[in-house]
Amino acid sequence: YGRLVLGDENNIIFVGDNAGKNDDTSSENIAIGLNALFENTIKSNLIAIGDNALYNNGLNPTGGSPSSTEAIDNLAIGSSALFANTLGAGNLAIGRYALTSNTNGDCYVATGKDAMKSHSSGSWNVAYGCGAMIEHETGEGNTAIGHEALDRIENGDYNTSIGYRAHLNGIVGQTVNYSTVVGASAETEGSNTVILGNSNALTIGGYQNWSNVSDKRFKTKIKQNVPGLEFVNDLK
């Protein structure tokens, strides 16, 4: 069952039992480890290092062959990293079980053990840290940096969590969008909120006054001919 292919005419490298087993006509691929790139047949520009890394890449669940832009340009390093990926492209997964459940999401960066472990669909998410976005299943445009950052919600878009266990403390299954939490153990429970620091913070400040977007410096349609007191006195 062992396989060793080093630099054939298509510039592929397969090392390990069943590595690249079903490969037919791909090129520029590297698979190192048991079952790495197991199902891939024709997709190219892939790197899979680790047991079961990119196992299902290129396997179209609806039948037929993936398009030319699907299931390409993926890099998976770690046991079962990007294991379930079938059609997703342009993904980077480093760490055991990193992005292991992703099927068709594009342009992810998941670094750290269990980073985005449960994520299955969406695009443009970044998770950096062990357990970052571990429970997140669907959504796009999220950024989680720190150990177990953004770890508690299942669905949501355009959220940002930065810091050790900085997260959106939502109820399981709750959808949270457009929220930002910054700081160790900082948390919020709803959408469209910004939280800086946790309950231990004594001060939050800076060297300049807070700028509110209602300030005229942010306005573009300012007029001088606004009705004054005479107009108000005429109101009935």
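Tabulated values for the structure
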quantity	calculated
Of all residues in region 134-144 being within 8 Å of the chain's Cα centre (by Cα) and assigned to a loop (DSSP other than H, G, I, E, B), the one that is farthest from Gly163 (Cα to Cα)	Glu140
Qualifying residues in region 62-86 (those that are hydrophobic (A, V, I, L, M, F, W, C) and open to solvent by less than 30 Å² (accessible area, probe 1.4 Å)) - the one modelled with the lowest pLDDT	Ala71
Output for region 38-50, where each listed residue is more than 15 Å from Glu70 (Cα to Cα) and assigned to a loop (DSSP other than H, G, I, E, B)	Phe38, Gly50
Answer from Leu99, Leu150 - the residue that is part of a loop (DSSP other than H, G, I, E, B), farther than 24 Å from Glu189 by Cβ and not acidic (Asp, Glu)	Leu99
Selection status of Asn91, under 23 Å from Gly163 (Cβ atoms), at pLDDT 95 or above and not hydrophobic (A, V, I, L, M, F, W, C)	no
Number of the condition not met by Ala115 [criteria: (1) open to solvent by 30 Å² or more (accessible area, probe 1.4 Å); (2) of a type in the set (A, V, I, L, M, F, W, C); (3) within 10 Å of the chain's Cα centre (by Cα)]	(1)
All positions within region 20-39 that are buried (at least 21 other Cβ atoms within 10 Å of the Cβ) and at pLDDT below 90	Gly20, Asp23, Ser26
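Table: residues versus (1) among the β-branched types (Val, Ile, Thr); (2) at pLDDT below 95; (3) out of contact with any strand residue (DSSP E or B) (no Cβ under 8 Å at 6 or more places or on another chain); (4) surrounded by fewer than 24 Cβ atoms within 10 Å (Cβ to Cβ).
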position	(1), (2), (3), (4)
Gly95	no, no, no, no
Val176	yes, yes, no, no
Ile195	yes, yes, no, yes
Ala201	no, yes, yes, yes
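The values are calculated or read from the model by the stated rules, or taken from the named source; none is laboratory data. Treat the numbers as computed from the prediction; the structure is a model and nothing was measured. Note that we place each Cβ from the backbone using ideal geometry, even for glycine, and neighbour counts take in every protein chain shown. To get the accessible areas, we keep the full protein, side chains included, count just its heavy atoms, and leave off ligands, DNA and RNA. Shrake-Rupley method; radii C 1.70, N 1.55, O 1.52, S 1.80 Å.
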